[in-house]
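Right, one structure below, let's go through it.
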Amino acid sequence: MEIDIPKIDLRNEVLEYTKSLKVPGTECEFKLSASSNATIYGSLFALFIKDLFKDTENFSEAVRNSWIQYIQSFQDPETGYFFARDVDKPKSLRNKYQLTAFCLSALRILKSNPEYNLNFVYKEFPTNNSIRNYLFRNGCHEGRPGSGNFAMFLGIFLTYEYEKTGNKDLLDKINTWFEFHNETQNPKTGFWGIGIDHDYYEGFQNALHQFIIYKYHNRPYPNIQKAIKRIKILRDNEGLFNKTPGGFGCYEYDALEYIVHYFSKNKADEQLKKILLKSMNGILSLQKADGGFPLMDDIKYDLWGFLRYSRFFLSCNNPQILLYRLKIYLKSTIRKFHKQRTYYNWSNEGTRTTESNLWDTWLRCLSIALISNILKLDTANLFRFHKFIGIGYN
């Protein structure tokens with residue numbers, strides 16, 4: 001299977017799309033999508049895209065400093081949290097953790113650091129037991145929706161502080177993080193939790209966040225072969241990994257992180273190579289005319305869809321997954337999902353599900369970069385991965 005991708009076009013088209021979302025008269029302010037408002041999240045995703053395509057190499061010192069000052073302005077001096085008052089919920093710990101993790105990555109890309117110490121790390125996680133209590137409280141042992149994010153945030157903060165200080169107590173806490181997850185993972189799936197959701201789609205999508213921490217620390221990921229086996233079952237006729245036709249930004253990236261990592265240690269596996277190439281073609285087919293990528297393709301949800309997308313439904317040989325896909329498609333049809341706006345917690349105005357946005361553009365391009373890099377395609381020269389623990393690290 002051949003990949004036909006003009007390497008200069010993808011880079012230019014994506015960077016031009018990103019540029020189109022910059023607020024006039026500013027250097028660092030970007031909208032998440034054409035129909036949404038500008039927030040720090042839009043700016044961070046724009047920076048991640050620019051860095052992935054090596055465009056940050058063209059930053060002047062003045063531009064770099066503007067970015068640093070802009071990002072640092074969101075940090076609370078007392079706690080060390082980064083917080084977006086215009087969009088984040090004041091009492092949402094997840095919002096604070098998420099933005100802090102993104103800002104740490106961004107500042108590392110810019111060869112800088114937070115202006116203030118991350119005091120919250122020491123206040124909220126003083127002991128090894130506090131690590132276990134936090135993970136248990138957030139349902140990380142049972143794969144509760146969103147629990148993977150909470151586990152990843154903690155892994156990022158502990159690692160950042162340990163690399164910064166060399167404090168052995170922090171290393172003990174990192175080891176406690178791994179012990180908790182090794183003890184509680186479902187050995188039958190390689191994910192966390194039990195049930196049809198946790199066994200397949202939600203299982204790998206949630207567990208990817210823990211996988212990122214294992215990958216960065218070069219720790220053996222328990223039962224990875226079982227995880228890969230289940231993820232492979234979920235690919236559709238286009239090489240995508242969503243429950244319904246048209247793909248889904250997070251699901252493709254999450255699945256491909258697993259597959260690429262496994263393939264790096266099993267390069268003789270021709271089936272995996274074919275899966276990666278098929279996925280790359282599928283992702284590229286989702287690029288919009290504006291140069292960006294959407295959450296998902298423009299899919300028609302109606303009762304005729306069972307026939308219209310029969311190849312999607314029948315692309316899985318697992319009866320359990322077939323029934324699950326049919327159920328989710330029917331629910332989406334009833335809810336008129338295709339007419340909804342996706343309200344990430346990164347924008348007050350939301351973005352249409354089929355509209356290009358910076359978050360999904362970054363994830364789609366990351367997926368293309370991962371495949372290009374591991375298969376040593378010509379397109380690999382387009383990309384550069386950042387080296388900070390978290391999403392985008394490789």
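Read the figures in this text as sums done on the coordinates, not as results from a lab. This structure is a prediction, so every number in the text was calculated from the model and none was measured. Heads up, the Cβs are rebuilt from the backbone with ideal geometry, glycines too, and the neighbour counts pull from every protein chain shown.
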- Item | the chain: calculated mean residue ellipticity at 222 nm from DSSP helix runs of at least 4, using -39500 (n - 2.57) | -17000 deg cm²/dmol
- Task: Provide the gained length on full extension for the span T127 to R85, in nm with one decimal, where the gain is 0.36 nm per separating residue minus the Cα-Cα distance.
- Result: 12.1 nm
- Task: For semi-axes √(5λ) of the Cα gyration tensor in Å, several values are listed as [x] 37, 24, 21; [y] 31, 27, 21; [z] 36, 27, 18; flag the one computed from this structure.
- Result: [y]
- Item | Cα-projected label distance for E57 with E270, points at 7 Å along beta-carbon direction, nm | 3.6 nm
- Item | Restraint check, K19/K168; K226/K387; K232/K387, Cα-Cα greater than 32 Å | K19/K168
- Task: Any chance you could check the Cα centroid distance between the stretch 216-249 and the stretch 114-183 for me, in angstrom?
- Result: 25 Å
- Springs between alpha-carbon atoms under 10 Å, Gaussian network over the chain: tell me which of P24, P77, P294 tops the mean-square fluctuations. P24
- Karplus-derived HN-Hα couplings along the stretch 310-324 (A = 6.51, B = -1.76, C = 1.60, θ = phi - 60°), whole Hz, x at Gly and Pro: 4, 5, 5, 5, 8, 6, 9, 8, 9, x, 5, 6, 4, 5, 5
- Note on the structure: GNM on the chain, Cα springs under 10 Å; top mean-square fluctuation among I283, I71, I299 goes to I299
- Item | Amide hydrogen neighbours beyond the local backbone of F191, cut-off 5 Å, H modeled | N186
- Item | Amide H contacts of F30 (H built 1.01 Å from N, under 5 Å, at least 5 apart or other chain) | V23, T39, S43
- Gaussian network model of the chain, Cα within-10 Å springs - most flexible of S356, S372, S73: S73
- Magnitude of the charge dipole, the stretch 185-343, Cβ model with Lys/Arg +1 and Asp/Glu -1, debye to 20: 220 debye
- Task: Using θ = phi - 60° and the Karplus relation 6.51 cos²θ - 1.76 cosθ + 1.60, list the HN-Hα couplings for the stretch 49-63 in order, rounded to whole Hz, with x at every Gly or Pro.
- Result: 5, 4, 5, 4, 8, 6, 6, 5, 5, 8, 5, 6, 4, 5, 5
- Would you list, by chain and number, the aspartates and glutamates whose Cα falls below 16 Å from the Cα of K31, excluding same-chain residues fewer than 8 positions away? E16, D86, D88, D290, E349, E355, D360
